[in-house]
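Working notes, structure below.
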Amino acid sequence: MRKLRIFSVLILAVMILAACAPAGGSDAGDDAGSASAGEIKVGVLVPLSGQVSTFGVSTRDGILLAVNQWNEKGGINGMKIVPIVEDGQCTPDPAVNAANKVIDQDGVHYILGEVCSKAVIPVSEIASAKGVLMITPTGTADVITLNADGTAKPYVYRACFNDSFQGAVGAAFAFDNLGAKKAFLMTDQANDYVKGLSETFKATWLEKGGEVVGEASYTSKDTDFSAIIAQIKDANPDVVYLPDYYNIVNLVMKQAKEAGLNIPFVGGDGWDSSDLDLAAADGGYFTNHYSPDIQSPEVTKFLADYGAAYKDDTGNPKVPDALAALGYDAANMLFTAIQTAGVDDVDKVAEALDNIELVAVSGTITIDEFHNPVKDLTILAVKDGKVNFETVVKP
């Protein structure tokens with residue numbers, strides 16, 4: 001009987017220890033509540049609602065295409081990629097809530113997103129504070145990857161070029177290629193993306209000897225731009241720089257054409273959307289990350305794979321925009337770095353990113369000391385109901 005009691009006590013002790021043991025085992029990933037063994041969880045923060053939801057859909061679809069391709073080949077070092085998609089709305093508070101949710105509740109070590117700079121910036125602070133590695137596919141504001149002292153945030157990267165490069169190229173293109181000498185600038189001062197591009201364009205424009213004949217501010221809630229259009233007419237510029245998102249571009253350029261203003265508008269990658277009003281934007285140009293018209297094996301394969309995975313309302317293959325391409329490239333940057341690191345460890349993955357050389361859809365990517373990709377920039381022209389490839393600018 002005494003032996004039976006001892007045996008029963010031993011069994012009970014084993015059961016208690018088993019109940020108290022961590023569910024994921026003793027691997028390093030358990031320290032941050034990471035994915036179960038055999039999985040890599042990745043937070044995908046994109047705007048699926050709000051004013052620029054097409055940005056989020058495209059970026060998400062590009063990311064998920066890469067996820068599916070890697071999983072079909074066995075995942076990353078045998079680990080399945082598990083995407084956790086959250087709607088950051090391209091707005092600071094929802095993006096912050098989404099970031100905290102995927103980190104604290106879902107236990108991710110990696111984030112792909114957010115999309116708009118004003119949302120990416122606060123998410124980058126959270127990722128830095130909590131030791132989570134993030135790559136924004138499309139956040140172009142210079143400050144995203146930088147600490148206050150100008151050094152690179154150790155865990156924050158981007159797959160797109162930054163505003164300093166984009167704004168400077170936009171100014172050089174307008175001055176050198178379009179032959180413009182007088183510019184009018186439109187700026188939403190509350191939008192980090194727009195403000196950064198406008199400031200860089202202006203600095204480069206003045207350096208090249210151009211004249212700024214007028215500037216006007218507006219807000220993202222404005223719908224009537226007639227007063228600004230009247231200012232533009234009075235200033236008589238050769239070009240208007242409007243580096244905003246497509247929803248604002250549609251309103252401004254439609255009203256400009258209705259008012260008989262037919263000078264060229266130049267903008268940034270925020271113009272790139274399936275919802276860009278091509279009739280309103282006709283005659284305009286914008287800097288971008290990629291064009292489906294570029295002849296390269298990577299672009300050709302991406303077009304085929306994306307079109308096979310996603311169809312439009314009529315059942316035809318979708319043509320991916322730059323947001324989809326950058327989502328795809330950002331995901332492949334991250335997955336390649338994890339594979340190279342050989343372990344689910346953010347420090348080793350960051351080291352692998354620092355040394356990456358990836359032949360991607362948007363060009364061959366290497367990373368500079370400030371965690372920006374070094375790659376080509378594309379300029380597109382809106383003409384006759386189409387967005388056409390204009391030229392490529394080397395960094």
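The values are calculated or read from the model by the stated rules, or taken from the named source; none is laboratory data. As the structure is a prediction and not an experimental result, all values here were calculated from the model. Note: ideal-geometry Cβ built from the backbone for every residue, glycine included; neighbour counts use all protein chains shown.
Side notes on the structure shown:
- Thr287 of a type outside the set (A, V, I, L, M), within 26 Å of Tyr110 (Cβ to Cβ) and surrounded by 18 or more Cβ atoms within 10 Å (Cβ to Cβ): no
- Asp321 surrounded by fewer than 23 Cβ atoms within 10 Å (Cβ to Cβ) and of a type outside the set (Val, Ile, Thr): no
- Among residues of segment 127-142 being surrounded by 18 or more Cβ atoms within 10 Å (Cβ to Cβ) and among the aliphatic types (A, V, I, L, M), the one that is farthest from Asp345 (Cα to Cα) is Ala141.
- Residues that are among the charged types (D, E, K, R), touching a residue at least 60 places away in the same chain (Cβ under 8 Å) and not in a helix (DSSP H, G or I), drawn from segment 182-210: Asp188
- Within segment 272-283, the set of residues being in contact (Cβ under 8 Å) with a residue 60 or more places away in the chain and closer than 25 Å to Ala235 by Cα comprises Ala279, Ala281, Asp282, Gly283.
- Test: Asp149 is of a type in the set (D, E, K, R), farther than 20 Å from Leu326 by Cβ and part of a loop (DSSP other than H, G, I, E, B): yes
- The listed residue being closer than 25 Å to Ile229 by Cα and within 18 Å of the chain's Cα centre (by Cα), out of Gly196, Gly170, Gly209: Gly196
Quick grid of which residues meet (1) surrounded by 15 or more Cβ atoms within 10 Å (Cβ to Cβ); (2) assigned to a helix (DSSP H, G or I):
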position: Gly307; (1), (2): yes, yes
position: Gly315; (1), (2): no, no
position: Tyr328; (1), (2): yes, yes
position: Thr340; (1), (2): yes, yes
position: Ala381; (1), (2): yes, no
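- The residues of segment 88-101 that are crowded, with 24+ Cβ neighbours inside 10 Å and farther than 17 Å from Asp244 by Cα, listed by number, are Gly88, Ala95, Ala98, Ala99.
- For Asp222: the one exception among (1) buried (at least 21 other Cβ atoms within 10 Å of the Cβ); (2) assigned to a loop (DSSP other than H, G, I, E, B): (1)
- Complete set of residues in segment 103-120 that are free of Cβ contacts under 8 Å to residues at least 60 places away in the same chain and under 23 Å from Leu326 (Cβ atoms): Val120
- On inspection, Ala95 qualifies as of a type outside the set (Lys, Arg), assigned to a helix (DSSP H, G or I) and free of Cβ contacts under 8 Å to residues at least 60 places away in the same chain.
- Only one entry of Ile81, Ile63 meets the criterion of being farther than 14 Å from Gly113 by Cα, buried (at least 21 other Cβ atoms within 10 Å of the Cβ) and of a type outside the set (Phe, Trp, Tyr), and that entry is Ile81.
- Checked against the criterion of being crowded, with 22+ Cβ neighbours inside 10 Å, assigned by TED's automatic domain parsing to the domain that holds Ala171, under 24 Å from Val169 (Cα atoms) and not aliphatic (A, V, I, L, M), the candidates Asp277, Asp238, Asp282, Asp244 yield just one match: Asp244.
- Considered as a group, the residues in segment 103-125 that are of a type in the set (Gly, Ala, Ser) and part of a helix (DSSP H, G or I) include one that is farthest from the chain's Cα centre (by Cα), and that residue is Ser124.
- Residue among Lys311, Lys394 that alone is surrounded by fewer than 18 Cβ atoms within 10 Å (Cβ to Cβ), among the basic types (Lys, Arg), in contact with a Lys or Arg (Cβ under 7 Å, 6 or more places away or on another chain) and free of Cβ contacts under 8 Å to residues at least 40 places away in the same chain: Lys311
- Scanning segment 101-138 for residues that are acidic (Asp, Glu) and farther than 26 Å from Ala360 by Cα returns Asp104, Asp106, Glu125.
- When Tyr290 is tested against the conditions (1) among the hydroxyl-bearing types (Ser, Thr, Tyr); (2) modelled with pLDDT under 95; (3) not in a loop (DSSP other than H, G, I, E, B), the lone failure is (3).
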